[in-house]
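**Q** After the structure tokens below, expect a handful of questions from me.
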Amino acid sequence: MGVSPMSSTGVGPVAKKKKLPETRARRPCHEMGSIMLSDEVKKEIDAEARHYPQRRAVVAEALKAVQARRGWVDDESLRDVADYLGLSFDEVDSIATFYNLIFRQPVGRHVILICDSVSCYLTGYEKLLDHLKKKLGIALGQTTADGRFTLLPNACLGLCEQAPAMMIDNETYGHLTAARIDEILGKHE
Amino acid sequence: MLTIYIHNEPYRVKAGINLLEACLSLGFNVPYFCWHPAIKSVGACRQCAVKVFKGPEDTRGTLLMSCVVPVADGMRISIDDPEAVHFRARVIEWLMLNHPHDCPVCDEGGECHLQDMTVMTGHVQRRTRFPKRTHVNQDLGPFVAHEMNRCIQCYRCQRFYCDYAGGRDFGVFGWHDGVYFGRAQSGTLQSEFAGNLVEVCPTGVFTDKSLAQHYTRKWDLTTGPSICVHCGLGCNTIPGARYGQLRRVYSRFNSQVNGYFLCDRGRYGYEFVNSDRRILQPRLRQEDGSLAPVAKAQALAFVGQALQRGKAIGIGSPRASLETNFALRKLVGAEHYFQGESAQKSAISEAILDCLQRGPTPTVSLHEVETCDAVLLLGEDVLNTAPMLGLAIRQASRNQPLEEVARLNVPFWLDLVARLITQDQIGPIFIAATGATRLDGLARQIYRAAPDDLARIGLAIAHLVDPTAPEVSRLPDDAFSFAHPVAEVLKAAKRPLIVSGPSLGSVELIHAAANAAWALTRAGKDARLCYAAESCNSLGAAMLGGGDLTAALELLRSGQADTVLIVENDLRRHMPENDFEELLSLARCVIAVDHLEQATTQRAHCVLPAATFAEAEGTLINNEGRAQRFYKVLPPPAAVQESWRWMGELWVASGRGEASPWPNFDAIVAALASEFAIFKDVPALAPPASFRQVGQKIGRQPHRYSGRTAETADQTVFEPPPPEDADSALAFSMEGTPLEPPSALIPRYWAPGWNSLAALNKFQIEVGGPLHDGDPGQRLIAPKPYPQSPYFKDFVSPFARRPQQFLVVPHHHIYGSEPLSAASAPVASLCPKPYIALNGADAAAAGIAGADQEVVLSLAGASLRLSVILDSTLAASLAAVPAGIAPFEGLDLPAWGTIAAAPAGGQRGGGGS
């Protein structure tokens, strides 16, 4: 089951997180060394860090760089980011869990963000959500068994003039109907 | 001072503070959550809203959060404005949406700031019918329990733990109504100050796990003013008792000492009082060699005879009160009184006392440490030896960055803004130590070396600051490149502070710190000098004088003594095993007076049960020479009494007089003061036992104390009268003065409508400021202005390595190195196992394969089998061992030792020679 770190059930992130093996969790960051981050990711983080006086300013960018490659941010990668930026695991995780688009649990190949803010709500969000759930056989916060789609709510996509709207990966889709959704989903393998 | 108008009445308030502080200081009840007098303003909870008017004509006004608005002259505000009242009630209703209705089973109930504020705002009816959000709680270790469902998102915990105390294993996770305060994963909180979350949290998210083991509501606790006995800083505490058991320790506010907080050793060390190792009956050695409980009269007769017949010496203790040590000294005579520490430790305590009095640099209270703007730590790992000193130094590290905040005209108490401006900037903190310390994260520069080289660094800095201070020859380059910038920065600071202490066992280090501080004073700086102290009365013992244990042993060897009376001291912790055995074999009779079974009591011929700090009155001298009084929290168990009282009875039993010279506490304090000029002000520390307010004593129990008639109903249906307390103006009773007691006698903080700790606001001249009639306690020593600094001209040779040998240095541990707290179950669970730490290069050179290898350390004639820890921060040729933890207790360290791979088999972590 893939769930967004902040699922709409209101259950906190810590409750659902995978537990680290004991020995690893107890060792302080500085002893672990950075073993996971690729040179490419490090270069990206360093380039970003040049814009700020404090390295901690680039935590979000660093997490995005990891997620762009792995699809989500696992505990090991998060620890590596913490080590690389000279921060603690807790400090980085509190930032990671603040952002709803940093995924702390595995997601499908495509992430559907369905907009549930006011314009989309008025123009039929509920019906479309029902359609999506039925079609994919999952609830909000879940991933299809074949790992193809993860369905998440989003507070606003900024597409009110095209409401109702959704976003899959980096593409936005407006003026949605059930038929149009079927067509769009079909294009995502 | 400014004038502000509240409800059109003029009030004088201090400039530069915020409206909330002003209103609370004036005695108005403004509800608040996120603001805390020590952690300052952030404006997160929206609870402290008041109406601010533009002028006398403005009738509409604006709702503003009082904690983030600075007071201004002529400002007009209303707290009772209907719109403000309505706003505050709605805010709390909103905060209560997700708060469970579990007060009856919540450990915070009855002293909950949220309860108080809810009642204060008049929000008595919940209207929400929706399910409440729930969280999964974490196991945060042996000290703090976690119940996230109760959270109202005020952020105080994170702001205390991370921002104020520097913790990095705690945070705020998630967003929206799922915001979660805790750790990324379950696990023991790493901060030395985690227990303060219990007091800082305005509701029951973080509660005291040790209290939960024997839970009692605040209104059922018998409490009294006390002093922490687990290090030398003398933090003020309020322990609470019920059913003859100590149940918790909370901080007692002292604006000069610990302020609002305590360290976890001080908060959770108290369980030794309830330990099953307590000695509750006099014990006498029997024919068959066993120690058996006997009647008090029999024990007194035995000891009285032994003192009369034998050539008796008395051995006092740095953890016993002034009064107890003084009574022992009177009983055996000054020339037969010994202060109960090794020659090394006695010399260090005396050197500290000497340095604080003969030089021109004043010492500091913990509060004054927070006002220093550059700090050099010389050899002391303060977070392990005197944790609250580390917390104070952390606050000092903010002073230079905060100058920028002041320059931008931002009030320093606008915490979020101040921290945004200062970012990661840290004021100058320099650390010279044998290895890593827990404050290293704050350090601008770190120097690691053997104790002698650390002393040389101090001396070198002194010379760099003041060329008339003795020069250090042959200073290596790396030492100079540390000392030079440190000297420059200290010279440029407004109030530089030099910190050292006894933990490395080096008098030279004490002298070097003094030289550095004196040089700064001579260079015209408002410098300060601070030494940590190992025991709660180390300085008091040094002030009383008396020989060390080597001298005591010498007296036994020469036959001039054959009877030893040992009070509140385990000699095994202060002398090596061989000396300890020799002392026991030379003494014809050994009498031990103490509260816990330990090596000395187990070997004594007679043991008398002593009261702990919680069952006695006494005076302790802290690391800055401040005398502070502690009082009984609960009456001692039947056969137990204060050690000084035992001394009085032994006075009679040994035929010295018809009656005890000290029938009560005031009598012994008076005797102490008349004999020692330095203690002449000790009687005035607190009102005498005869003190009354409106004809009444001060009740240790709240007026809501319940079940008094039922407390002993399992033994008798008659309600016994409350125990008498002839030694103080406090009573073991609910009855007592309705007025606010003098500050030294405040047993608890409570005010109408304020059941939580925040009631303290009502006891202060201004919130966060001193108590109404001044903070209790008085510093007994003062610096001596000299025309010239009396520099030590010690010549310390550079540390010389010895082939095949290691200099074994003691590394202190907050949990484990202090024996009383180590007997407390929650603390014991965090004590380290014995180890020997080496740096990797030294270990490789010695043929040690790696961590966890078993080795045999040969040290001072003993062979100790130990497990190796690799510590890359340890200076070369040093080996570190845990101080005060078996088998290292009683060893005078540093000392040279050799290490060899252990033969297979055999026992680990101990063993004799």
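**Q** Volume per residue, Å³, of the convex hull around the alpha-carbon atoms of the range B:2-97?
**A** 88 Å³
**Q** Any idea which of A:Ala179, B:Trp750, B:Val682 is furthest toward the positive side of the dipole for the protein assembly as shown, if Lys and Arg beta-carbons carry +1 and Asp and Glu beta-carbons -1?
**A** Of the candidates, A:Ala179 comes out farthest on the positive side.
**Q** If you count, for each residue, the other Cβ atoms within 10 Å and average over each peptide, how do A:53-59, A:81-87 line up from highest to lowest?
**A** A:81-87, A:53-59
**Q** Calculated from DSSP H runs of 4 or more alone, at -39500 (n - 2.57) each and per residue, what is the 222 nm mean residue ellipticity of the protein assembly as shown, nearest 500?
**A** -8000 deg cm²/dmol
**Q** Next question, about the same structure. For the range B:806-901, what is the percent of antiparallel DSSP beta bridges, rounded to the nearest 5?
**A** In the range B:806-901, approximately 65 percent of DSSP beta bridges are antiparallel ones.
**Q** Shifting gears a bit: Label B:Leu280 and A:Ala178 with points 7 Å out from Cα along Cα→Cβ: what is the distance between them in nm?
**A** Roughly 7.7 nm, to one decimal.
**Q** Enumerate the calculated ³J(HN,Hα) couplings along the range B:575-588 in order (Karplus 6.51 cos²θ - 1.76 cosθ + 1.60, θ = phi - 60°), each rounded to whole Hz, writing x wherever the residue is Gly or Pro.
**A** For the range B:575-588, the Karplus-derived couplings read 9, x, 3, 4, 5, 4, 5, 5, 4, 5, 6, 6, 7, 6 Hz, x marking Gly and Pro.
**Q** If you don't mind, another one. What does the convex hull of the Cα atoms come to per residue for the protein assembly as shown, in Å³?
**A** Residue-normalised Cα hull volume stands at 211 Å³.
**Q** For the range B:614-721, which chymotrypsin sites (Phe, Trp or Tyr not before Pro) are both in a DSSP coil and crowded by at most 15 other Cβ atoms within 10 Å?
**A** Here the sparse-neighbourhood loop sites are B:Phe718.
**Q** Rounded to the nearest 10 Å², what accessible area does B:Leu739 have for a 1.4 Å probe in the complete protein model?
**A** 90 Å²
**Q** Percent relative contact order of the range B:518-644, based on C-alpha pairs within less than 8 angstrom and at least six residues apart?
**A** Over the range B:518-644, the number comes to 23 percent.
**Q** Moving on. Can you work out the Karplus-derived ³J(HN,Hα) for every residue in the range B:233-243? Use 6.51 cos²θ - 1.76 cosθ + 1.60 with θ = phi - 60°, whole Hz, and x for glycine or proline.
**A** 7, x, 4, 7, 9, 10, x, x, 10, 7, 6
**Q** Ignoring ligands, DNA and RNA, what accessible area per residue does the range B:352-534 give at 1.4 Å, in Å²?
**A** Per-residue value: 31 Å².
**Q** Decide, for the range B:806-901, between rounded, prolate and oblate: order the square roots of the alpha carbon gyration tensor eigenvalues as a ≥ b ≥ c, take rounded if a/c falls under 1.5, and otherwise choose prolate if a/b is larger than b/c, else oblate.
**A** Cα axes put the range B:806-901 in the prolate bin.
**Q** Alpha carbon centre of the range B:1-78 versus the range B:288-361: separation in Å?
**A** Rounded to whole Å, the Cα centres lie 56 Å apart.
**Q** On to the next question. Please state the charge dipole magnitude for the range B:352-534, taken about the Cα centre, from unit charges on C-beta atoms (+1 on K and R, -1 on D and E), reported in debye and rounded to the nearest 20.
**A** Once rounded to the nearest 20, the dipole reads 340 debye.
**Q** Taking the alpha-carbon centroid of each part, what is the distance from the range B:575-617 to the range B:656-676 in angstrom?
**A** Taking the Cα centre of the range B:656-676 as reference, the centre of the range B:575-617 is 24 Å away.
**Q** With a Förster radius of 56 Å, plug the Cβ-Cβ distance of B:Gln804 and B:Asp288 into 1/(1 + (r/R0)^6) and report the FRET value to the nearest 0.05.
**A** 0.70
**Q** Between B:Val652 and B:Ala895, what's the calculated FRET efficiency when r is the beta-carbon distance and R0 is 41 Å? Round to 0.05.
**A** 0.40
**Q** Have a look at the range B:161-185 and report residues whose accessible surface goes down by 20 Å² or more when the remaining protein chains are included, against the chain on its own, probe 1.4 Å, ligands and DNA/RNA excluded.
**A** Residues meeting the cut-off: B:Arg168, B:Val172, B:Phe173, B:Gly174, B:Trp175, B:Gly178, B:Tyr180, B:Ala184, B:Gln185.
**Q** Per residue of A:85-92, count partner chain C-beta atoms within 10 Å of its C-beta, then hand back the mean as an integer.
**A** Whole-number average of other-chain Cβ neighbours for A:85-92 is 5.
**Q** Between B:Arg90 and B:Gln425, what is the spin-label point distance in nm, taking each point 7 Å from the Cα along the Cα→C-beta axis?
**A** 4.0 nm
**Q** May I ask you to derive the FRET efficiency for B:Thr873 and B:Gln308 from their Cβ-Cβ distance with R0 = 60 Å, giving the value to the nearest 0.05?
**A** Computed FRET efficiency for B:Thr873 and B:Gln308: 0.60.
**Q** Moving to a separate point now. Among all the lysines, which ones have a C-alpha under 26 Å from A:Lys127's C-alpha, if same-chain residues fewer than 8 places away are not counted?
**A** Within the straight-line limit of under 26 Å, A:Lys127 reaches these lysines: A:Lys135, A:Lys187.
**Q** With +1 assigned to the C-beta of every Lys and Arg and -1 to the C-beta of every Asp and Glu, and no other charges, what is the dipole magnitude of chain B about the Cα centre in debye, to the nearest 20?
**A** 1300 debye
**Q** Charges at C-beta only: +1 for Lys and Arg, -1 for Asp and Glu. How large is the resulting dipole of the protein assembly as shown about its Cα centre, in Debye rounded to 20?
**A** 1340 debye
**Q** I'd like to know which of B:Gly540, B:Pro770, B:Gly110 lies farthest towards the positive end of the charge dipole of the protein assembly as shown, counting +1 on Cβ of Lys and Arg and -1 on Cβ of Asp and Glu.
**A** B:Gly110
**Q** Still on this structure, please answer the following. Beyond 29 Å between alpha-carbons counts as too far, so tell me which of A:Lys42/A:Lys133; B:Lys51/B:Lys494; B:Lys209/B:Lys632 fall in that bin.
**A** Long pairs (Cα-Cα over 29 Å): A:Lys42/A:Lys133; B:Lys51/B:Lys494.
**Q** Does any residue of the range A:94-110 lose at least 20 Å² of accessible area with all protein chains in place compared with its chain alone, and if so which ones (probe 1.4 Å)?
**A** Residues losing area: A:Ser94, A:Thr97, A:Phe98, A:Asn100.
**Q** Label-point separation (nm) for B:Lys54 and B:Lys132, each offset 7 Å from Cα along Cα-to-Cβ?
**A** 4.4 nm
**Q** Report the Cα centroid-to-centroid distance between the range A:51-86 and the range B:789-852 in angstrom, as an integer.
**A** First find each Cα centre; the distance between them is then 37 Å.
**Q** Separate question: Quote the total accessible area buried by chains B and A together, excluding ligands, DNA and RNA, probe 1.4 Å, nearest 100 Å².
**A** 1800 Å²
**Q** Cut-off 17 Å, label point 7 angstrom out along Cα-to-Cβ of B:Lys14: give me the residues of the range B:64-85 whose amide nitrogen falls inside.
**A** Inside the label zone: B:67-73.
**Q** Here is a follow-up. In what order, largest first, do B:His99, B:His772 sit by accessible area if the probe radius is 1.4 Å?
**A** Ranked list, largest accessible area first: B:His772, B:His99.
**Q** Can you tell me which lysines have their Cα less than 18 Å from the Cα of B:Lys330? Leave out same-chain residues fewer than eight positions away.
**A** Reachable lysines: B:Lys311, B:Lys680.
**Q** For the range B:26-140, what is the accessible area per residue in Å² when the probe is 1.4 Å?
**A** Result: 46 Å² of accessible area for each residue.
**Q** Output wanted: per-residue J couplings in Hz (rounded whole) for the range B:544-550, from phi through Karplus 6.51 cos²θ - 1.76 cosθ + 1.60, θ = phi - 60°, x for Gly and Pro.
**A** My calculation for the range B:544-550 gives 6, x, x, x, 9, 6, 4 Hz in order.
**Q** Decide, for the range B:101-221, between rounded, prolate and oblate: order the square roots of the alpha carbon gyration tensor eigenvalues as a ≥ b ≥ c, take rounded if a/c falls under 1.5, and otherwise choose prolate if a/b is larger than b/c, else oblate.
**A** oblate
**Q** Expressed in nm to one decimal, what extension gain is obtained for the pair B:Leu26 and B:Thr468 from 0.36 nm per residue of sequence separation less their Cα-Cα distance?
**A** 153.9 nm
**Q** What does the net charge come to around A:Glu44 if you take all other residues with beta carbon closer than 14 Å to its beta carbon, with K and R at +1 and D and E at -1?
**A** Value of the local net charge: +1.
**Q** How would B:Lys632, A:Lys134 line up by accessible area, probe 1.4 Å, largest first?
**A** A:Lys134, B:Lys632
The values are calculated or read from the model by the stated rules, or taken from the named source; none is laboratory data. The structure presented is a predicted model; accordingly, all values stated were derived computationally and were not measured. Note that each Cβ is placed from the backbone with ideal geometry, even for glycine, and that neighbours are counted across all protein chains shown. Accessible surface is based on the protein model in full, side chains and every heavy atom, while ligands, DNA and RNA are left aside. Shrake-Rupley method; radii C 1.70, N 1.55, O 1.52, S 1.80 Å.
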